[in-house]
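Everything on this sheet refers to the single structure shown next.
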Amino acid sequence: MSKSIFRKKSITKILADCASGFSDAEHSGGSSLKKELNVKDLTLMGIAAVVGAGIFSTIGLAAFNGGPGVTILFVITAITCGFSALCYAEFASRIPVAGSAYTYAYASFGELIAWIIGWDLLMEYAIGNIAVAVSWSTYFVNLLEGFHIHVPAYLTMDYYSAFSAHQQLLELTKNHNLAAITDTIKEANIAWNTAPGFGGLKLIANIPALAIVVGITYLVYIGIRETKKATNAMVILKIAIVIAVIAIGFFYVTPANWHPFMPNGFGGVMKGVSGVFFAYIGFDAISTTAEECRDPQRDLPRGMIYSLIICTVLYILIALVLTGMVSYKNLAVGDPLAYVFNQVHLSKISGIISFSAVIATASVLLIFQLGQPRIWMSMSRDGLLPKIFSKIHPKFHTPSFATIVTGFVVGVPALFLNLTIVTDLTSIGTLFAFVLVCGGVLLLPREAAKAGRFHLPYINSKWIVPALFVLCAYFFRNGIMGLFDGTHNKDDLPFFLFIGLSAVLTVLAFVKNLSLIPVLGLLSCFYLMTELGYTNWVRFLVWLVIGLDIYISYGYEHSLLGEKIAPWHKQAKRISLIGAIVSIFVVVIFDPQESVTMDVIYGLLGFALGYLVVYSGAALVFSVFQKEKAE
């Protein structure tokens, strides 16, 4: 067995393990996942995951920033996702097993990158589920208000939003700036003032968000067939309502509202990239159901591509209706579809939309909650997580323990987190997964593709990518040169990385005759990552550091591909633990924060980073010393 952290799991072994029910029988008496899904089910699942919070919520802020030109952003995002979808489809046709990008990375990049992408996917699905649960709570509470059922504000929002609004209102009142006190601030302040509590601690939590997570988790737990039926019913209903909304809305469009088309320029359009991309990320979730498909090599690629095309058309039409019915300046609201129909005095339509939003966001949560346990399961099968995560329920034929853990991981944070933070983190995590999937396709041998299955069309990028690089460098020369004038800050670091990656890929495309579609997918996804801001990159890197610590501590030792570990590994772990503890004191003592809570957070981050850095240094020294000794 290899000791390398980049050891690969061959496609032949992956398929053989799947065919033999690898690790299912070991934990569940021979139980395995049921094959229940066809191309129609997969397409509807893709639509269920994509048409949700984005079309009913985040599209409003995107339209506010970009104006009618937000339709361009939907096209750009759809093309980017289209490249990625084709790469996913290529992998799915060759490796029809659960695990999504994690399994694909294991076969193409090796174990360390597979772990990173698996850990990233866990964040993507968990944070995405939290965002959808929070969004669902908002729609559900609004729907109840329509029936004159009032839920106390302190039971419908997160603690931080209420606390921040209270502090903000006090500050604005103190400065006599009453005009800046918005309805949102007032409502959150009411939650803070009316919440029961003990001393300065208030009982504020998003109870509806927890309730929907519990209900959806139970549905996913009891079986794929039940999940499929519920998904299909919800998708058919919400698509019918969305199409009706588009048809009715076009009668109230005022073409003058479409001018100017890009009021804030291309930069304004791209401001909405986080919210818009968040709306699209769901199509990759269906790749986690590969082992529950009747014909995954044929149906998975079709389901991904069909759902992406249908959803793109719907999003563009909805964006045109929204920005045509009212001015883009009025769309910075949480429920833009309901808002625009209220503006044209169609309150009954607004009520139907609120009901549809509840169904739509529930279906998104259902698909995300279905996907995450299968990632846990796949990583457990390879030994990178404890075996219990791959336990299959003997009656329901679902990854039971992983599903329950997913419910806790999503439900508890949904009580306390707000939508903005989680949306950005989900988008950067998803884009990173797409980058690795596109890069992984470049490493697959083209001759290994089998006739009769989906195969990514090969277009030689030898001349096309260099030409595109030169054209982009020319048209955006002012912005690129401005990066080197000394006036920019750390926020430009992601774009510097993009320029470097583009240059490297351009050279490789010319020298290696790389396939065009995955190259364009990799570059477009990485570019969208640069639009998400430096802060989100830092948060994402912190998550990856924590994941690498877990891999060092558990995954490397228990991997089924590496039954033998490097002789110096455990010694390096002991040294790194000491370094991590020292890092806590360095962070807390030499860089104290404003509160004990922040001291704890920064201390934990110092521990995680110190552990990784010291282990890496110790591993390097020990491996070099061992090599010299052997020589």
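Before moving on, here are some points about what is shown:
- The number of residues in segment 66-112 being of a type in the set (Val, Ile, Thr) and more than 27 Å from Met270 (Cα to Cα) comes to 3.
- From the options Gly383, Gly452, residue that is on the phi > 0 side of the Ramachandran plot, surrounded by fewer than 23 Cβ atoms within 10 Å (Cβ to Cβ) and either part of a helix (DSSP H, G or I) or modelled with pLDDT under 80 (or both): Gly452
- Search result, residues across segment 526-552 that are open to solvent by 40 Å² or more (accessible area, probe 1.4 Å) and modelled with pLDDT under 85: Glu531, Tyr534, Thr535, Val538, Arg539, Leu541, Val542, Trp543
Residue-wise test of (1) closer than 30 Å to Ser390 by Cβ; (2) out of contact with any strand residue (DSSP E or B) (no Cβ under 8 Å at 6 or more places or on another chain).
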site: Ala133; (1), (2): yes, yes
site: His150; (1), (2): no, yes
site: Thr156; (1), (2): no, yes
site: Thr184; (1), (2): no, yes
site: Pro196; (1), (2): no, no
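- Single residue of segment 386-399 satisfying the filter (of a type outside the set (Ser, Thr, Tyr) and closer than 26 Å to Ala107 by Cβ) that is modelled with the lowest pLDDT: His397
- So Ser378, is it assigned to a helix (DSSP H, G or I), over 27 Å from Lys228 (Cβ atoms), out of contact with any strand residue (DSSP E or B) (no Cβ under 8 Å at 6 or more places or on another chain) and of a type in the set (S, T, N, Q): no
- Number of the exception - Val151 against (1) at pLDDT 80 or above; (2) part of a helix (DSSP H, G or I); (3) in contact with a helix residue (DSSP H, G or I) (Cβ under 6 Å, 6 or more places away or on another chain); (4) more than 18 Å from Leu365 (Cβ to Cβ): (2)
- Residue list for segment 109-118, restricted to those being crowded, with 22+ Cβ neighbours inside 10 Å and farther than 14 Å from Ser559 by Cβ: Ile117
- Here the condition is being open to solvent by less than 10 Å² (accessible area, probe 1.4 Å) and in a helix (DSSP H, G or I); of Ala240, Ala247, Ala290, it holds for Ala290 alone.
- Of the numbered criteria (1) at pLDDT below 75; (2) in contact with a Ser or Thr (Cβ under 8 Å, 6 or more places away or on another chain); (3) in a loop (DSSP other than H, G, I, E, B), the one Met1 fails is (2).
- Qualifying residue in segment 207-217 (condition: closer than 30 Å to Leu320 by Cα and in contact (Cβ under 8 Å) with a residue 12 or more places away in the chain): no
- Test: residue in segment 253-270 that is closer than 30 Å to Lys395 by Cβ, modelled with pLDDT of 80 or more and surrounded by 14 or more Cβ atoms within 10 Å (Cβ to Cβ): no
- Within segment 346-361, the set of residues being of a type in the set (Ser, Thr, Tyr) and open to solvent by less than 40 Å² (accessible area, probe 1.4 Å) comprises Ser350, Ser354, Ser356, Thr361.
- Against the numbered list (1) under 17 Å from Leu86 (Cβ atoms); (2) surrounded by fewer than 22 Cβ atoms within 10 Å (Cβ to Cβ), Ser307 comes up short only at (2).
- Residue match in segment 400-410 (condition: open to solvent by 20 Å² or more (accessible area, probe 1.4 Å), modelled with pLDDT under 85 and not polar (S, T, N, Q)): no
- Candidates in segment 386-399 are the residues that are of a type outside the set (Val, Ile, Thr) and in contact with a Phe, Trp or Tyr (Cβ under 6 Å, 6 or more places away or on another chain); of these, the one that is least open to solvent (accessible area, probe 1.4 Å) is Phe389.
One line per residue, one yes/no per condition, for (1) of a type in the set (Lys, Arg); (2) within 24 Å of Val220 (Cα to Cα):
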{"residue": "Phe266", "(1), (2)": "no, no"}
{"residue": "Met270", "(1), (2)": "no, no"}
{"residue": "Val276", "(1), (2)": "no, no"}
{"residue": "Ala290", "(1), (2)": "no, yes"}
{"residue": "Arg302", "(1), (2)": "yes, yes"}
{"residue": "Ile310", "(1), (2)": "no, no"}
{"residue": "Ser327", "(1), (2)": "no, no"}
{"residue": "Gly351", "(1), (2)": "no, no"}
{"residue": "Ser354", "(1), (2)": "no, no"}
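- Filter result for Leu219 (of a type in the set (A, V, I, L, M, F, W, C), under 30 Å from Phe416 (Cβ atoms), buried (at least 16 other Cβ atoms within 10 Å of the Cβ) and touching an Asp or Glu at 6+ places or on another chain (Cβ under 7 Å)): yes
Quick grid of which residues meet (1) modelled with pLDDT under 80; (2) open to solvent by 80 Å² or more (accessible area, probe 1.4 Å):
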position	(1), (2)
Pro457	no, no
Val470	no, yes
Gly479	yes, no
Thr487	yes, yes
Ala509	no, no
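- Those residues of segment 87-108 which are crowded, with 24+ Cβ neighbours inside 10 Å and charged (D, E, K, R), in sequence order: Glu90
The values are calculated or read from the model by the stated rules, or taken from the named source; none is laboratory data. Source: prediction; values computed, not measured. Every residue, glycine as well, gets a Cβ built from its backbone with ideal geometry; the counts of neighbours run over all protein chains shown. When the accessible area is computed, the model is the full protein with side chains, heavy atoms only, and any ligands, DNA or RNA have been set aside. Shrake-Rupley method; radii C 1.70, N 1.55, O 1.52, S 1.80 Å.
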